[in-house]
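The values are calculated or read from the model by the stated rules, or taken from the named source; none is laboratory data. Computed from a prediction, not measured in an experiment: that's the story for all the values here. Cβ: placed from backbone, ideal geometry, glycine included. Neighbour counts: every protein chain shown. Ligands, DNA and RNA are excluded from the accessible area calculation, which covers all protein heavy atoms including side chains. Shrake-Rupley method; radii C 1.70, N 1.55, O 1.52, S 1.80 Å.
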Amino acid sequence: MRSEVNDSSVFTIEGYKVTTTKSVADQEYKSYTFDEVIDIIGFGRTRLHIFIASSIIMMAVLNETMGISIIIPAAQCDLHLSATDKGLLTGVSFAGIIVSSHFWGYIADTKGRRRTLIVSLMMTAICALVSGLSINYTMMVVMRFLVGVFISAPSATIFAYLGEFFTTANRTVVITYASVAVGLSAVFTASTGWYVLSFTWTLGVAGTELVLKPWRLLFFVYTLPTLIGAVWLVVLPESPKFYLSRGRESEGFAILLRLYLENHPHATADDFPVKHIIPEAGQKDRSAAPKASGGFWHITNSVWNQTVPLFQRANVANFTICCAVQFGLFVVSAGMGLWFPDIINRLTTSNVLDATVCEALDVSMRVDFEHELEHEVIIGDAACNDNINERVFVYAIALGGLYTVLYLVMSVLMRILGRKCLVAFNLFFSGFSGIALQFVVHPYITMALFCSFLVFAGTSISILNGATVSLFPTNVRAMAVCLSLMMGRLGSVFGSNLVGLIMEENCTLTFNLFATGSIICAVLTIMLPS
């Protein structure tokens, strides 16, 4: 039987052999918390590698989910894509993420962060590379769905893995610094897409229907960070905090000792002062537990037991708030963000002076409708055009650069203001920008407010992920991040469809709804612990 470890318990580690004792009467060694152990170890080469590898993996997640929006216009002629087909291809990866989030949260919390990341990243890379060789629409949809299924694991687990190598006080700041990769991903996908798609070469593969073109090469380029992250993780250690949470104290201690000796070149194992580690509150003692038999019902019961703690009194309020805020953040930053290039393109081509954003969009939509009526026959018979307007790349690079700068600024401000105040400020400012941009008529101010509306909500996602890692115990941490991000992905699908449904009918209502969502999320954030 598994027994609960009370607050006075410690893990006693003697020569890599671990025993669990129920009192701290033995005064030969001092008992340390995990945060104190991390402080004793210090910052060294391995933790730097973990930070960089985690940043690359965060970049890979954005490449795989958002890079397809650049590839689709270039592939539409070869794959004979309709407008509906393109819409489905853009969102099918999110569907894969949503349906698999619960599964990956369970796997990461029970089998290990590092192993889960390596397997899922390698499978993501394989599916992404195969999707680059798709010969028809059906094959592309299936492969992009599988990309979503496998990229779901690193999209959440990487926050738990990175955060568990740092103290609670520094965890959110470190994750925010690593999230600079989110902005760099937008710059990377847009700049490499701009360069690769500027070529016009064609190469047929003998004996097949496959014709190689630059857009297929772009799949390989976007998958490079995924492969680099997977290979790099092979030489990096598992999270020692995960081992401790699973009752595998000797393995956790071995990693902590390795990190200590690496950072203290002249020290020996005997110099490592940590012999007793105080377990996390509510942590299970699994060291003496017998191995359970497999089977469908055992796995189902295990998944249920891994999920239930999130809905118990200690966690349910924070978990509900995290899910609700993630949903709102993705509604604004991703739901409205998917329409950002189209809206900006309409604003810059409307040729309307001294008009608000909704007035300019209304004029642009009427002009487009009249143009379609006048040239319906010509457009229907015209040759397929797979050229991409250069404005798309410029806007994406600019938005990615803004994200990068803002993440760096947030990392500095967080130490001064604290994560709760910073997220609340971001979301209030995002809501204010969404409301204010409807009343300004200067085009540059309108564009600045629109960018602020999206970016201040978007940068709050990683800060909230860092908070989620800190708020929940290790044994359910990956599950909490996975499920809250699953709600976020649902928010992105809901938001993008909501814009498509009501923007043309009532532009003002659309912006007011999204801005109000940011403000509501700001209020909910204030209710979270500091």
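Over the stretch 164-227, average the accessible area per residue using a 1.4 Å probe and give it in Å², no decimals.
With all protein chains present, the stretch 164-227 gives 42 Å² per residue.
What does the charge count near Val92 come to, summing +1 for each Lys or Arg and -1 for each Asp or Glu among other residues with Cβ under 13 Å from its Cβ? Don't jump to the answer; show the numbers that get you there.
Values: positive: Lys86, Arg144, Arg489; negative: Glu64, Asp85.
Net charge in that neighbourhood comes out at +1.
Taking the Cα centre of the stretch 162-273 as origin and charging only Cβ (+1 Lys, Arg; -1 Asp, Glu), how large is the dipole, in debye to the nearest 20?
On the way: 7 positive and 8 negative charges, 94 e Å.
The calculation lands at about 460 debye.
With unit charges on the beta carbons (Lys and Arg positive, Asp and Glu negative) and the dipole taken about the Cα centre of the stretch 34-106, which residue among His80, Val61, Gly96 sits farthest to the positive side?
Final value for the positive-end residue is His80.
Distance in nm between label sites at Ile135 and His49, each 7 Å beyond Cα in the beta-carbon direction?
4.3 nm
Where does each of 193-206, 219-232 land if you order them by average Cβ count within 10 Å, highest first?
In descending order of packing, they fall as 219-232, 193-206.
With the Cα gyration tensor of the stretch 86-209 in hand, convert its eigenvalues to equivalent ellipsoid semi-axes via √(5λ) and list them largest first in whole Å. Numbers along the way, then the final one.
Details: eigenvalues 200, 76, 31 Å².
Its equivalent ellipsoid spans semi-axes of 32, 20, 12 Å.
Among 103-112, 144-153, how do they line up by average Cβ neighbours within 10 Å per residue, starting with the highest?
Numbers: 103-112: 22.4, 144-153: 25.9.
Ranking, from highest mean packing down: 144-153, 103-112.
Could you pull out every residue, at least 5 positions away or on a different chain, whose amide H is within less than 5 Å of the one on Gly247? Hs are placed 1.01 Å off N in the peptide plane, and Pro or chain starts have none.
Arg286
With unit charges on the beta carbon (Lys/Arg positive, Asp/Glu negative), name the residue among Met479, Ala448, Leu437 whose Cα is farthest towards the positive pole of the charge dipole of the stretch 382-507.
Met479
What are the ³J(HN,Hα) values, in whole Hz, obtained from phi via the Karplus relation 6.51 cos²θ - 1.76 cosθ + 1.60 with θ = phi - 60°, for each residue of the stretch 230-242 in sequence order, with x given for Gly and Pro?
5, 5, 5, 5, 4, 9, 9, x, 6, 5, x, 5, 5
Through the Karplus equation 6.51 cos²θ - 1.76 cosθ + 1.60, θ set to phi - 60°, convert the phi angles of the stretch 156-166 into ³J(HN,Hα) values in whole Hz; use x for Gly and Pro.
Couplings: 10, 5, 4, 5, 5, 4, 5, x, 7, 9, 10 Hz.
Residue-wise, which Karplus ³J(HN,Hα) couplings in Hz belong to the stretch 186-200, taking 6.51 cos²θ - 1.76 cosθ + 1.60, θ = phi - 60°, and x for glycine or proline?
Result, rounded to whole Hz: 4, 5, 5, 5, 6, 5, 5, x, 4, 6, 5, 6, 6, 7, 10.
Lys and Arg at +1, Asp and Glu at -1: add these up for the other residues within a Cβ distance under 15 Å of Thr508 and post the number.
-4
With a 1.4 Å probe and all protein chains left in place, how much of the accessible area of the stretch 120-186 comes from carbon and sulfur atoms, in whole percent? Intermediate results must be reported in sequence, preceding the final value.
Values: 1380 of 1670 Å².
The C+S portion of the solvent-accessible surface of the stretch 120-186 is 83 percent.
Could you tally the net charge around Leu133, taking each other residue with its Cβ under 14 Å from the Cβ of Leu133, Lys/Arg +1 and Asp/Glu -1?
Neighbour charge sum, excluding Leu133 itself: +1.
Is there a quick way to get the dipole size of the stretch 76-146? I mean about its Cα centre, with the Cβ of Lys and Arg at +1 and of Asp and Glu at -1; what is the value in debye to the nearest 20?
360 debye
May I ask you to list the GluC sites (Glu not before Pro) in the stretch 208-274 that are in a DSSP loop and have at most 13 other Cβ atoms within 10 Å of their Cβ?
Sparse-neighbourhood loop GluC sites (Glu not before Pro): Glu209.
Within 10 Å, count the other beta carbons around each residue, average over each peptide in 438-449, 331-342, and list them highest first.
Ranked from most to least packed, the peptides come out as 331-342, 438-449.
Please list the non-local residues whose amide H lies under 5 Å from the amide H of Tyr32, H modeled 1.01 Å from N, same-chain partners needing a gap of 5 or more.
His276, Ile277, Ile278
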